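Worksheet: one structure, shown below.
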Amino acid sequence: MHPVEALIWPLGRALRSVRPDAARSLAEAPEFRAAGTIELTSPAYRDGEAIPARFCGPLIGKDLSPALAWSPLPEGTVDLLLVFEDVDAPRSAPALHTIVAFAPRPSGIPEGALRTDDPALRFLPTFFGRAKYAGPRPLPGHGTHRYRFHLYALDTPVDMAAIGSPDRLPAAVAGHVLASGTLAGTRTC
């Protein structure tokens, strides 16, 4: 265990029973409901399995985004929105790690594709204040955390600069979600 992890492990252990209400997930907002379904997968891990270390944050991995693959997008898809969250962060609502929008790509993105130097990607700052891919990084000692990637096919582009913060995202996508898909994974620290 890294010395920093050893220092904060007692805090994680003390907060072990503190988990947010999963119903407060951004993905549970009625504005994100869609009639269509997208199958979202990764060649790096199966739905519900442990997310490999290289895709994790500091002191675990390289903060590299995993490759993601999806089934055919519905006709009329103009933009894609990808949200990555920690369902078990010790706070009042699931922690948003990454929110990014981009033009439709037919079948997925390769490993490491979610980079801030790619002008085709439009990131929204998360509760961490970071506008980038932020890999899984559970609080040491807190136990197993569930993580979810949510992909939304939209019939309009999302202007992240105009939205400004995650709490304004549901209103921006209301009535524009054509289909959605979820890929879950876990990490224990």
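The values are calculated or read from the model by the stated rules, or taken from the named source; none is laboratory data. Values in this document were obtained by computation on a predicted structure and should not be read as measured data. For neighbour counting, all protein chains shown are included, and Cβ atoms are generated from backbone atoms with ideal geometry for every residue, glycine included. Areas reflect the complete protein model, heavy atoms only, side chains present, ligands, DNA and RNA absent. Shrake-Rupley method; radii C 1.70, N 1.55, O 1.52, S 1.80 Å.
Does Gly12 count as out of contact with any Phe, Trp or Tyr (no Cβ under 9 Å at 6 or more places or on another chain) and closer than 23 Å to Gly129 by Cβ?
So Gly12 fits the description; yes.
Any residue at all in the stretch 66-88 that's in contact (Cβ under 8 Å) with a residue 12 or more places away in the chain, among the hydroxyl-bearing types (Ser, Thr, Tyr) and open to solvent by less than 60 Å² (accessible area, probe 1.4 Å)?
Within the stretch 66-88, one or more residues are in contact (Cβ under 8 Å) with a residue 12 or more places away in the chain, among the hydroxyl-bearing types (Ser, Thr, Tyr) and open to solvent by less than 60 Å² (accessible area, probe 1.4 Å).
Yes or no, residue by residue, for (1) in a loop (DSSP other than H, G, I, E, B); (2) within 28 Å of Gly175 (Cα to Cα); (3) more than 22 Å from the chain's Cα centre (by Cα):
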residue	(1), (2), (3)
Met1	yes, no, yes
Val4	no, no, yes
Ile8	no, no, yes
Leu11	no, no, yes
Val18	yes, no, no
Ala27	no, yes, no
Ala44	yes, no, no
Ile60	yes, no, no
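So, in the stretch 100-110, of the ones that are assigned to a loop (DSSP other than H, G, I, E, B) and not charged (D, E, K, R), which residue ends up nearest to Phe55 (Cα to Cα)?
Pro110
Any residue that is assigned to a strand (DSSP E or B), modelled with pLDDT of 95 or more, buried (at least 20 other Cβ atoms within 10 Å of the Cβ) and among the aliphatic types (A, V, I, L, M) - is there at least one of those in the stretch 111-134?
The answer is no, given that none of the residues of the stretch 111-134 is assigned to a strand (DSSP E or B), modelled with pLDDT of 95 or more, buried (at least 20 other Cβ atoms within 10 Å of the Cβ) and among the aliphatic types (A, V, I, L, M).
Output the residue which, of all residues in the stretch 161-176 that are surrounded by 15 or more Cβ atoms within 10 Å (Cβ to Cβ) and more than 17 Å from the chain's Cα centre (by Cα), is nearest to Gly141 (Cα to Cα).
Of everything passing the filter in the stretch 161-176, Ile163 is nearest to Gly141 (Cα to Cα).
Kindly list the number of the only condition in (1) closer than 30 Å to Trp9 by Cβ; (2) modelled with pLDDT of 95 or more; (3) in a loop (DSSP other than H, G, I, E, B) that fails for His145.
For His145, the failing item is (3).
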